[in-house]
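Have a look at the structure below, then the notes.
The values are calculated or read from the model by the stated rules, or taken from the named source; none is laboratory data. For clarity, every value in this text was computed on a predicted model and none was experimentally measured. Note: ideal-geometry Cβ built from the backbone for every residue, glycine included; neighbour counts use all protein chains shown. Calculation scope for accessible area: heavy atoms of the full protein, side chains included, ligands and nucleic acids excluded. Shrake-Rupley method; radii C 1.70, N 1.55, O 1.52, S 1.80 Å.
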Amino acid sequence: MAQRAVWLISHEPGTPLGGTVRFSRRYPTVEKRAKVFNGTSYVPIPEDGPFLKSLLFELRLLDEDRDFMESRDSCSRINKTSVYGLKVGGEELWPVVAFLKNGIVYACVPLVEQTLSPRPALISISAISQGFELLFGIQDFLYSSQKIDTELNTKLSQLPDLLLQACPFGTLLDANLQNSLDSISFASVTHPQKQPAWKAGTYKGKPQVSISITEKVKSMQYDKQDIADTWQVVGTVTCKCDLEGIMPNVTISLSLPTNGSPLQDILVHPCVTSLDSAILTSSSIDAMDDSAFSGPYKFPFTPPLESFNLCYYTSQVPVPPILGFYQMKEEEVQLKITVNLKLHESVKNNFEFCEAHIPFYNRGPITHVEYKVSFGQLEVFREKSLLIWIIGQKFPKSMEISLSGTVTFGAKSHEKQPFDHICIGGTAYLKLHFRILDYTLTGCYADQHSVQVFASGKPKINTHRKLISSDYYIWNSKAPAPVTYGSLLL
Amino acid sequence: MGLLSREAWAQRLGAFRASPSAYMAAPEGEDLGRDLLSDLRSEKLSEQTKVSMLALSLEYPAQLWPDAPAAEAAATSLLDTLVLLPPRPSALRRPLLLAATTALVTGGVLGPTSGASLRLLPLLLGLASGGDLGRGFGPSSEQRPLQATACECLRELESCKPGLLGGSLGLLRGLLGQEGPVAPVQPLSLLLALALRNTLVIQARARASLQGLLTVRASPPGGGPWNWTLAQEGEAHLQPQAPSWPAAEEECGLSALEPSPEEARELRAAVAQLLDTSYLLTPVAQAQLLWLLGWALRGLRGQPPVLFKPQLVRLLGTAQLTLLHAVLALKAAFGEALFTAQDEALLLRRLTLAAQHPALPLPAHLFYLHCLLSFPENCPLGPVGEEAAPLLLEPQLCRGLLPNLLHDPMALLARLHLLCLLCAEDEQKEEKGQAQSPCHYLQELLAGLQQRAALTGGPRALATLCFQASYLVAHCLAGHHTVLAPLTHGLAQLYRARPALAPHFVDLLDRVAPELGEPLRVVLRQEVVSRPGGDEALRWHLQMLAKVADRDAQSATLGFLQAAAAHCTDWGLQQALLRVCRALLRAGGGGGLADLLQALARQLEDPDGRDHARLYYVLLSHLSGPKLGVALGPSLAAPALTSSLVAENQGFATALMVQEAPAPIRLSVGPRRAEGPVPVLQLQVEVLEPVYSLELRFRVEGQLYAPLGAVHVPCLCPGRPARPLLLPLQPRRPAPAQLDIRALYTKSTGLTCYTHLPPLPVKFADLFLPFPKAPEGARLGFFEELWDSCLPKGTESRLWCPLGPQGLEALVSRHLEPFVVVARPPTSYHIAIRLPPDSKLLLRLEAAQADGVPVVLRTDDWAVLPLVGDYLRGLSAAV
């Protein structure tokens, strides 16, 4: 269940090595076990330099992909998980868990408690998921507050001490590194009662509970006879419970209005102590019927100190909030475009912002635009080959707006204009960006009165809701568009 | 080296970390371990510096203290430093404990003879039990974190030396159950679970009982010697094991353990105790606990896994990778005993859901997808160890798991694999022909991938992805014509659009030869040869053609090459062109090729190219087909240089030279013939591989025999009976000899080989020839005449020839029959033997007794006497 070593590598395209090892930690006692367990198939952990080189090559992060290289490009080298075998000094180091996120490669080598030849299935190796969890934990810690680089450096410099707490011998004790950081400062508190390991100390102060529901809606709209449009809502319920006592009990109920869309695919935080079977079984992979469980969704839990995601859900609302079409046609030297967007009447017509981005890929810079909009303004980014239609805070009374125009492009120069491997020829999309506060598309809400707290003092309860667009695409209906399997099932 | 400053240490540690091996190889590396230990006690260095020094020792103990004595000394020194710390809060206690533990383990010194071990273990156990350790252990504020650290250290020691804490199980249970101000739950739980698991495994292997280990609360901290018994049992057992997964069923062997009802009850209580407080553990620690307890209880009699059941619903609801993974481990360990068919279906659904949930990161999706295809089913149908869609995973459930072009490459390939599995099943059912059938969707997806790969100037990764997908489909759906035909067609179109992908095509052809090789080869060849020769992508066309050219449609290929030749202006292109010619030569080129080669030999600008063309022409006109194939085939020797010429010449050399090879036949000496004017050896042949134009050459050491002629055989095939080979011998003296044999032959591949066969003996008796038969009635006279003629030149001797149970008559008929002149069975025989070149041997065997017969012998060649003696004495044994 232990890790033999862990690395953080910043990916630096264009530099001679392609990256720098920002942090590494080895676990010699685990290595000792690896030698025994792996027997003749044992491959030692390399030093940082060779590891960096080999890992970046395997992840295709080195800049040298001009020529075909069998060891990297052969069609039979197929990776279907983020677990790799690295060529190091003529041998293959396996398994190496690694992934790239925000310019940093997170990597570790889990201990396999048996021989490596033949390779055991990943599912049978307990340290694999532990390795993933360690890397996710480090990633959460580094990016828990998205700020500038200097903060990243500060956090990187804290890592050695934190891992000494959270993973002293290579066996992960807590993936929540922030908790380990807190436990250093809370260390002096004495505990009369059994203290959960995931809660470093206790809160002192005014009791309050805040619950925020964020729904993201994504959509793929085609405006085609034979392809179905798709849309999906993904919700996240975030809580911060400032309550006194070691193990205060809280129950939060999420409710839906009568015509609300049932929540599905619910995943809960491990602090949730029990779950109704109806919550566990409501799933989007089954065909929907009217008997679907529609709440209230009760989540009894013992909160950790920090803010946490109580649960995630998805939902299939009956209509997309904004339905539209996009038509783009090549006419001699220019493109003729028509866009139509319609806000559904059930949706709250009060946006924080609403914009449609219309990018033109694999073309030159925009040289000339003629257009007509029924509402809002159009901004033209010539060098980026991008139009942004700023719709603003409200749709007009008719709820329907349109844009039409022609766009002319200059000669293509590869450096400046964006390249895209989907938008070839007529294949093109526009992407909607919008946010509506104090609103959820499913109608889901956490009623203040439905929050039960079993702790001293009556807490203040704050609730927030918002809807955000995410991956909201409307494809050009005059050309082929990438479809999902679901779209084909008419 | 003296005391170093903070900066000096920072620099030193930095230099070490940059490359530990280089640093330790340099002179300054030598003292690092010693300096580190001594400077830890320096009062001038800050705690922060000391912590970073200790951090280094946690990572690189084997470099700092490479052997056991050094590790023991280091651990002792670290413990001394710990004891000497002033009794105020310090950040050093924790890392010092960790460092001492690490040094003992990695130095391999943990054991009853190590002083440091005997100090560390009671100290750790004392700290873990929260006892008062007196001065040196600082303020009470540090007690709790140190307690946790001590548990971690003990857990690590137990991991590396299973059984170490077997004697402390009762104590640990007691600590965990304590009320009031208590020890931290998580470290104790994990320590107890690990110790419990290891104890069960060791006792099961030793076929011992638990001996009350679960209840004995003895071994108080600091009191009494450490109990090493179990650890010494366990030491041999830190060996490869995967005890949780069904494949390793036999290795586990916990069924050998038969706990008494009381022990079983205690064990159940211990496990329940651990599970009941498991919600206090962090999710990753909960997962570890479940794996450990799953290991501990699996296969153990009288321990129903229902104890786990109350935890499952809670765990199934989470999105935590480790927790869901641990549930899968329990599933694999206990199967139906813990998961009913409905539970299994629910787990499968949650897994399917987790593999695509938008709130989870991609690496988690991919891991879940892997788990889905390796799902431990209650009733598995397919072969073990192969990825397959579980039976309960209906296509309907997989809808959201199918790939589309917007996916990341890894996700696309993983999902494509699932799609292929569905297509294979779908085809088995019924050809539906619906637009939304998985196969149809697969085709659309492949077409999309091909379109993207065709994008000029697009990144290579996109092309690679397209070929990986093609490979995956060809492998999973081999024989599914409805999928493979459009795939082949699409790939041909891709080549038309972007010939620069030729290396990918060559690679693909190499990998999918059995499934897709032939049709793909044909369409690609058509694609190339239908082009005008002077294309700007000529170099790719030639590379492609060198792979796909063969005997079929050669005129089109030659036409293309002729047109291309005019455009092959540089050396590289000419070589590429010649490589195609070479491929055609191997495939068996005809007259058209000869014309082309002659033309190239005149026309090419580069002299090297012309030479090559000429050489190929000469080979084509002089060598037979198979030989040509071998001459141009890949060289057996690994080319030392990447030059094509060197590799090529090695190929020729192999083909045109005689190679030494292992023996293709086995020879043995057959029955003696004893007729004719000279002795003839009859050789039996056993054929091991087909051999053509075999020439066997024989030689005899010394000059005992006249030179022997070679034996020729046109063809030998295994399985076909081979006639014996006759080898006439011309001895110069009647003496046995050893035949040295070499074989020269041609293999079925056309290579000429030579082999040194094992030598064969020619025995004395092999040289025996009979005298011409005298007429009946004159035989005795004939014999007496020979008998008399031996003396005085020769010699007479008497021997005792032992007889076996079979008696004289059988002995004579078996060995001497052809040479008998006068016979009076069963007691008397007169025997005359001709020994080439011109000697004789006469024997009188008379008045045989039960156990032997006296032999009077005469010969005109006294030199054969010892041979005759040996021969006669060997006869009875030779029966």
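Descriptive notes on the structure:
- Order of exposure, largest accessible area first, which applies to A:469, A:413, A:117 with probe 1.4 Å: A:117, A:413, A:469
- Computing FRET efficiency as 1/(1 + (r/R0)^6) for residue B:730 and residue B:862, where r is the C-beta to C-beta distance and R0 is 25 Å, gives about 0.65.
- Of the trypsin sites (Lys or Arg not before Pro) found in segment B:263-309, those in coil by DSSP whose Cβ has at most 14 other Cβ atoms within 10 Å are B:301.
- Gained length - residue A:382 relative to residue A:144, 0.36 nm times residue gap less alpha-carbon distance: 82.1 nm
- Accessible-area ranking of B:755, B:456, A:367, A:258, largest first, probe 1.4 Å: A:258, B:456, A:367, B:755
- Across the protein chains, with a 1.4 Å probe defining accessible surface, the residues B:480, B:541 rank B:480, B:541 from largest area downward.
- 3J(HN,Hα) from dihedral phi, segment A:446-459, Karplus parametrisation 6.51/-1.76/1.60, rounded to Hz, x for glycine, proline: 10, 6, 3, 6, 8, 7, 9, 10, 9, 7, 5, x, 8, x
- Distances between placed amide hydrogens fall under 5 Å for residue A:463 paired with A:211, all partners being 5 or more residues away or on another chain.
- Using a Förster distance of 56 Å, the FRET efficiency for residue A:67-residue B:273 (Cβ separation, nearest 0.05): 0.35
- Nonlocal amide H pairs with residue B:762, under 5 Å, H built at 1.01 Å: B:737, B:738, B:739
- Area accessible to solvent at residue B:152, 1.4 Å probe radius, in Å²: 20
- Sparse packing (at most 10 other Cβ atoms within 10 Å of the Cβ) combined with a DSSP loop state is found for the following trypsin sites (Lys or Arg not before Pro) in segment A:59-135: A:66.
- With an a/c value of 1.5 or above and a/b not larger than b/c for the gyration tensor axes a ≥ b ≥ c computed over the alpha-carbon atoms, the protein assembly as shown is described as oblate.
- A 1.4 Å probe run over the protein chains yields, for segment A:288-355, 47 Å² of accessible area per residue, whole-number rounding.
- Extension gain (nm, one decimal) between residue B:497 and residue B:595, 0.36 nm per residue minus Cα-Cα: 32.1 nm
- Separation of segment A:200-276 and segment B:378-425, taken as the distance between their Cα centroids, equals 30 angstrom.
- Zone residues, segment B:729-762, relative to residue B:686, backbone N less than 20 Å from point 7 Å out along Cα-to-Cβ: B:739-744, B:755-762
- Sequence-distant aspartates and glutamates (8 or more away, or on other chains) whose Cα lies within less than 17 Å of residue B:44: B:7, B:35
- Prolate/oblate/rounded label for segment A:351-444 (Cα gyration tensor, a/c 1.5): prolate
- Stretchable slack from residue B:668 to residue B:624, in nm (0.36 nm times residue separation minus alpha-carbon distance): 12.4 nm
- Chain B: C-alpha gyration tensor shape, a/c 1.5 cut-off, then a/b vs b/c: oblate
- Above-threshold pairs, the threshold being 18 Å between Cα atoms, out of A:329/A:384; A:224/A:329; A:298/A:458; A:204/A:458; A:348/A:394: A:329/A:384; A:298/A:458
- Rough spin-label spacing in nm, given labels placed 7 Å along Cα→Cβ, for residue B:720 and residue B:555: 3.7
- Applying the Karplus relation 6.51 cos²θ - 1.76 cosθ + 1.60 with θ = phi - 60° to segment B:718-725 yields 3J(HN,Hα) values of x, x, 9, x, 9, 5, x, 9 Hz, where x marks Gly and Pro.
- Approximate spin-label separation residue B:342-residue B:47, in nm, with each point projected 7 Å along Cα-to-Cβ: 5.7
- Over segment B:495-566: Rg over Rh, Cα atoms, Kirkwood Rh: 0.95
- The alpha carbon centroids of segment B:807-879 and segment B:735-790 are separated by 18 Å.
- Model label zone, residue B:847; criterion: amide N under 15 Å from point 7 Å along Cα-to-beta-carbon; scope segment B:783-813: B:798-801
- Annotation: amide H-H contacts under 5 Å for residue A:229 (H modelled 1.01 Å from N, sequence separation of 5 or more, or interchain): A:222.
- Computed from backbone phi with θ = phi - 60° and the Karplus coefficients 6.51, -1.76 and 1.60, the 3J(HN,Hα) list for segment B:274-288 is 5, 5, 4, 9, 5, 5, 7, 8, 5, x, 5, 6, 4, 4, 4 Hz; x is used for glycine and proline.
- Taking a straight Cα-Cα cut-off under 19 Å and skipping sequence neighbours fewer than 8 places away in the same chain, the aspartates and glutamates within cross-link reach of residue A:240 are A:140, A:182, A:215, A:306, A:438, A:447.
- Sites residue B:80 and residue A:206 - FRET efficiency at Förster radius 45 Å, r taken between beta-carbons, to 0.05: 0.35
- Reach of residue A:53 by Cα under 22 Å, taken over lysines that are not fewer than 8 positions away in the same chain: A:80, A:87, A:101
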